[in-house]
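As structure tokens, the structure follows; a few thoughts come after it.
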Amino acid sequence: LFSTRLHPAPPNALAPQHAAGDELQQMMGSAPHSFMLPAVADPAAYSKQNFGVGYGTDTEQAVQFAKGTTTLAFKFNEGIIIAVDSRSTMGPYIASQTVKKVIEINPYLLGTMAGGAADCAYWERNLGMQCRLYELRNKERISVAAASKLLANTMYQYRGYGLSMGTMVTGWDKTGPQLYYCDNDATRLHGDLFSVGSGSTYAYGVLDSNHRADLTVDEAIDLGKRAIYHATHRDAYSGGICNVYHMKETGWVKVGAWDVNDLHYLYADEKAAAAGGAGGLSADPMET
């Protein structure tokens, strides 16, 4: 089905002096930075017709893209908090509970994964390569805005080819902490708070009710944990481990990882204690 290449090998690729490289290329299956495309007249139209990735748009397809996750990031006075779950699903089947959904692009840049795991992992690693090349050429770190623009430009070139990616690019540069959302349609948004994935509506409920700029670091970390927990509690496609990162001026640090089952019982005990001390009403506004 897949035979033609996006970037064909150069004319001299079969020259004798390149025999060793050709042998390695054959072992690898394709040339570096090349991608197999459907052997049809219009690969983009074929992919759009047979590999739609939007919710509710693939019901007639033989191959359906079943996905689900919860990722979030928000700015506050002390930097940016990034929190994600770790469950990988294929429809109702839980494929893994230990997926690393925060991609460490460089010490000052992080990316999150939502949508197709392979698409996110590959293109954000590719972004890391582009950012490193920028540093080598310009002798300075790339800005978050420029990094997110590079990713959006790449996605624009592959619009309609069936990619599935909803990612947040966050980091700290000369202008301070910055947060961008990018997806496979080349949409690029700058903001202070984003949540992406099937559980994002539940996470937004917690974030919108409790986010503010003057949160302390501990309060911000707790807010990220609670938002992810509530999303995993209501969304069957989210779960596993809650991983939390803090983006600071000195770079990102991983705050910790918490099993959402443990968080469930921790918050249940807090809620019960608060209800007992308030005559049956929860004293914690972050609990539902």
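The values are calculated or read from the model by the stated rules, or taken from the named source; none is laboratory data. Being a predicted model, the structure only gives us computed values, none of them experimental. Note that each Cβ is placed from the backbone with ideal geometry, even for glycine, and that neighbours are counted across all protein chains shown. Note: accessible area is taken over every heavy atom of the protein model, side chains too, but ligands, DNA and RNA are not part of it. Shrake-Rupley method; radii C 1.70, N 1.55, O 1.52, S 1.80 Å.
Couple of notes before you dig in:
- Filtering the stretch 257-279 for residues that are under 30 Å from G160 (Cα atoms) and open to solvent by 20 Å² or more (accessible area, probe 1.4 Å) leaves an empty set.
- Residue list for the stretch 139-161, filter: open to solvent by 80 Å² or more (accessible area, probe 1.4 Å) and polar (S, T, N, Q): Q157
- Criterion violated by G128 - all others in (1) in a helix (DSSP H, G or I); (2) open to solvent by 20 Å² or more (accessible area, probe 1.4 Å) satisfied: (2)
- Among the residues of the stretch 90-105, those that are among the hydrophobic types (A, V, I, L, M, F, W, C) and touching a strand residue (DSSP E or B) at 6+ places or on another chain (Cβ under 6 Å) comprise A95, V99, V102, I103, I105.
Each row is one residue, and each column tells you yes or no for (1) more than 23 Å from H246 (Cα to Cα); (2) touching a residue at least 40 places away in the same chain (Cβ under 8 Å); (3) within 15 Å of the chain's Cα centre (by Cα).
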| residue | (1), (2), (3) |
| --- | --- |
| M90 | yes, no, no |
| G111 | no, yes, yes |
| I142 | no, no, no |
| S148 | no, yes, yes |
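- Filter pass, A227 being of a type in the set (A, V, I, L, M, F, W, C), part of a helix (DSSP H, G or I), free of Cβ contacts under 8 Å to residues at least 12 places away in the same chain and surrounded by 15 or more Cβ atoms within 10 Å (Cβ to Cβ): no
- Listed by position, the strands (runs of 3 or more DSSP E) enclosed by the stretch 147-199 that each have at least 1 residues that are under 20 Å from G128 (Cα atoms) and at pLDDT 95 or above are 166-173, 176-183, 188-190.
- The residues of the stretch 49-76 include none that are open to solvent by 60 Å² or more (accessible area, probe 1.4 Å) and modelled with pLDDT of 95 or more.
- Test: I103 is in a loop (DSSP other than H, G, I, E, B) and either over 21 Å from K225 (Cβ atoms) or within 16 Å of the chain's Cα centre (by Cα) (or both): no
- For the stretch 177-222, the tally of residues that are on the phi < 0 side of the Ramachandran plot and within 19 Å of the chain's Cα centre (by Cα) stands at 28.
- Qualifying residue in the stretch 234-242 (condition: farther than 19 Å from V102 by Cα and open to solvent by less than 50 Å² (accessible area, probe 1.4 Å)): yes
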